[in-house]
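Written out below as structure tokens is the structure these notes cover.
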Amino acid sequence: MSRAAATGFRRLLPPLLTLLLALATWDLAVRLLDLKPFLVPGPLRVGRAASDHAADLSRACLLTGGAALCGLAMSLLAGFAAALVFCQARLIEVALYPYAVFLQTVPIVAIAPLIILWMGPGFAAVVAVSFILSLFPVLANTTAGLTAVSSAHLDLFRLYRASRWQTLFRLRLPHALPHLVTGARISSGLSVIGAVVGEFSAGYGSDSHGLGYLIIFTSGQIKTDLLFACVLSCTLLGWCLFSAVSWSGRRILAKAHLEPV
Amino acid sequence: MISARGLVKAYPTGLQVLAGVDFTVSSGSFCSLVGPSGCGKSTLLRILAGIEKSSGGSFSVELADSRNLSYVFQDPTLLPWLSVAANVRLPLELRGQTQGQARAAVTEVLERVGLADFSAAYPNELSGGMKMRASIARALVTRPGALLLDEPFAALDELARARLHVELMNLWRRENWTALFITHNIAEAIFLAERVLVMSSRPGRVAAEFPVPFPQPRAPALRSSPEFAALAGRVFSALEATSAP
């Protein structure tokens, strides 16, 4: 075994052991407490349900993942653009920022049906819910990164009579990049939750279902084992998106010689 | 020439930082300004550099051949995402020069501060002394007519500091910019300068002035001579006399 592989194995071993231990405890608890499968199915039962519906589940994961990815991409673009506007004029920031906080505090489950009412069911509506839920972390972090530049660096740019654009492109933007990455990491998990919540109210059509729809459907039919499989799929999907965003963020920051925040 | 006449700085809160500062630094000379912490030394430098506004009095910075005024900050203030060469190039690029136009000047100034081999390195790979060298190179790359230095060596260890003293003096003797060097270290102030100004505690004004008679070039051994110690003692007494107990 090469040295890198050995290090990787040693890094993977503890979380893997945790997983095994958790599965064993779960299984043991279900057996010893004699829990009814429709209340709490054991891990083997959930695994069997997942493999029986593997095709449905993976198609749902792709749809939900696609919607989440679109929502996240829109959040990145819109959040970044809004942060740029905020950092250019303090007045605009003060006037609009309190309302941007609405995005964070609005009960998304309550307004998701409204959005679907306005946009009609389908992919676009699901993306819209995901977008609303994941916008704020990008916006807030990027705004902080653009405005919280050190006063010594601002003095340096002032000394050389740098223009507003030079200060933006050469100082504020590079300084904000690590903050943008942090915002994107938080938003990546939220975008999946947003897509699932969107799917609770809106389907994609008669024969394509996302994870949100499957969750509603299986809980209605008391197919608890499949419900568990759906919930685990959601979690796994969010984890994958978070890891992918974290990994690319680390790569970008390392290339740009920037420290993560 | 750098001069100030009755320069006053007060904040709207009523805090008075400078109470009528008077001095003149003639062209091409090296002048140190010592004062207790919080006496407004940095504020004075920032006003001269145009980063801050004064509340009264006047000052002038006269530079020959439309040369500029440069500033060495207390911290190196390098941009961590730029290489040493790119950091040093920044003032030229802010003036609209391209990378190609600036290349010769950057290479040359890095050579002069002894960083020629580190032009591709990034700030986090440098020692404190090397960061300060890069910061000085950035200030010198525009071929300034005057240099304001705000306690640039305060965070360095003794050895790095002593080396940079000699290097800074060599640079000054070759390029002959007007220098105003702020410090609270009396030995540093004397060793570098032709003249030492003593500033009173807040609100600051120039309370005393000492010519430094030692000829150039100065060797580090000068610090342990009796004449040096005597002058340092007189500066210390002046500083003590102006500081409120």
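The values are calculated or read from the model by the stated rules, or taken from the named source; none is laboratory data. The structure displayed is predicted, hence computed values, not measured ones. Virtual Cβ from ideal backbone geometry, glycine too; neighbours counted across all protein chains shown. SASA here: full protein model, heavy atoms, side chains in, ligands and nucleic acids out. Shrake-Rupley method; radii C 1.70, N 1.55, O 1.52, S 1.80 Å.
Could you give every pair whose Cβ atoms fall below 7 Å, whose first residue belongs to segment B:208-232 and is closer than 18 Å to residue B:171 by Cα, and whose second residue is in a helix (DSSP H, G or I) and at pLDDT 95 or above, counting only separations of at least 6 or pairs across chains?
From segment B:208-232, the pairs are B:218/B:191.
(1) crowded, with 20+ Cβ neighbours inside 10 Å; (2) within 14 Å of another protein chain (Cβ to nearest Cβ); (3) modelled with pLDDT of 95 or more: which one isn't true of residue B:30, the others all being true?
Exception for residue B:30: condition (2).
Of all helices (runs of 4 or more DSSP H) completely enclosed by segment A:153-229, which ones contain at least 1 residues that are closer than 19 Å to residue A:61 by Cβ?
A:173-201, A:211-220
Across segment A:214-256, which residue is surrounded by the most Cβ atoms within 10 Å (Cβ to Cβ) among those that are touching a Leu at 6+ places or on another chain (Cβ under 8 Å) and within 14 Å of chain B (Cβ to nearest Cβ)?
Per the stated criteria, the residue is A:253.
Every residue, every condition in (1) crowded, with 19+ Cβ neighbours inside 10 Å; (2) within 22 Å of residue A:172 (Cβ to Cβ); (3) within 11 Å of chain A (Cβ to nearest Cβ); (4) among the polar types (S, T, N, Q), yes or no:
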{"site": "B:50", "(1), (2), (3), (4)": "no, yes, yes, no"}
{"site": "B:62", "(1), (2), (3), (4)": "no, no, no, no"}
{"site": "B:65", "(1), (2), (3), (4)": "no, no, no, no"}
{"site": "B:76", "(1), (2), (3), (4)": "yes, yes, yes, no"}
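For residue B:148, are the conditions met, namely being within 13 Å of another protein chain (Cβ to nearest Cβ), crowded, with 21+ Cβ neighbours inside 10 Å and not in a helix (DSSP H, G or I)?
Yes: the conditions hold for residue B:148.
Just one of the numbered conditions (1) in contact (Cβ under 8 Å) with a residue 60 or more places away in the chain; (2) in contact with a Leu (Cβ under 9 Å, 6 or more places away or on another chain); (3) open to solvent by less than 60 Å² (accessible area, probe 1.4 Å) is not true of residue A:56; which one?
Exception for residue A:56: condition (3).
Considering only residues that are buried (at least 23 other Cβ atoms within 10 Å of the Cβ) and more than 26 Å from residue A:237 (Cβ to Cβ), which ones fall in segment A:115-145?
Once the filter is applied, which keeps residues that are buried (at least 23 other Cβ atoms within 10 Å of the Cβ) and more than 26 Å from residue A:237 (Cβ to Cβ), segment A:115-145 yields A:143, A:145.
Look through segment B:110-125, keep the residues that are touching an Asp or Glu at 6+ places or on another chain (Cβ under 9 Å), modelled with pLDDT under 95 and open to solvent by 50 Å² or more (accessible area, probe 1.4 Å), and return whichever of them is farthest from the other protein chains (Cβ to nearest Cβ).
This residue is B:114.
Please enumerate the residues belonging to segment B:81-120 that are part of a helix (DSSP H, G or I), basic (Lys, Arg) and under 19 Å from residue A:157 (Cβ atoms).
B:89
Exactly one condition in (1) within 15 Å of the chain's Cα centre (by Cα); (2) more than 18 Å from residue A:160 (Cα to Cα); (3) in a helix (DSSP H, G or I); (4) within 14 Å of chain A (Cβ to nearest Cβ) is false for residue B:164; which is it?
All conditions pass for residue B:164, except number (4).
Name the residue that is farthest from the other protein chains (Cβ to nearest Cβ), counting only residues in segment A:157-203 that are among the basic types (Lys, Arg) and closer than 23 Å to residue A:81 by Cα.
In this case the residue turns out to be A:185.
Mind checking which residues of segment A:157-166 are open to solvent by 20 Å² or more (accessible area, probe 1.4 Å) and in contact (Cβ under 8 Å) with a residue 12 or more places away in the chain?
Listed by number, the list holds a single entry, A:164.
Only one of (1) under 15 Å from the mean Cα position of the chain (by Cα); (2) aliphatic (A, V, I, L, M); (3) more than 20 Å from residue A:109 (Cα to Cα) fails for residue A:196. Which number is that?
(3)
So is residue B:7 outside any helix (DSSP H, G or I), in contact with a helix residue (DSSP H, G or I) (Cβ under 8 Å, 6 or more places away or on another chain), at pLDDT 95 or above and surrounded by 20 or more Cβ atoms within 10 Å (Cβ to Cβ) or not?
No.
Scan segment A:102-114 residue by residue and report those that are assigned to a helix (DSSP H, G or I) and open to solvent by 50 Å² or more (accessible area, probe 1.4 Å).
Across segment A:102-114, the qualifying residues are A:102, A:104, A:105, A:109, A:110, A:113, A:114.
Which of the residues belonging to segment B:172-195 are more than 23 Å from residue B:206 (Cβ to Cβ) and either within 13 Å of the chain's Cα centre (by Cα) or polar (S, T, N, Q) (or both)?
B:176
For residues that are within 26 Å of residue A:249 (Cα to Cα) and crowded, with 18+ Cβ neighbours inside 10 Å, scanning just segment A:146-156, find the one that is farthest from the other protein chains (Cβ to nearest Cβ).
So, considering only residues that are within 26 Å of residue A:249 (Cα to Cα) and crowded, with 18+ Cβ neighbours inside 10 Å, the one farthest from the other protein chains (Cβ to nearest Cβ) is A:146.
So for segment B:39-58 (the condition being in a loop (DSSP other than H, G, I, E, B) and in contact with an Asp or Glu (Cβ under 8 Å, 6 or more places away or on another chain)), does at least one residue qualify?
Yes, because at least one residue in segment B:39-58 is in a loop (DSSP other than H, G, I, E, B) and in contact with an Asp or Glu (Cβ under 8 Å, 6 or more places away or on another chain).
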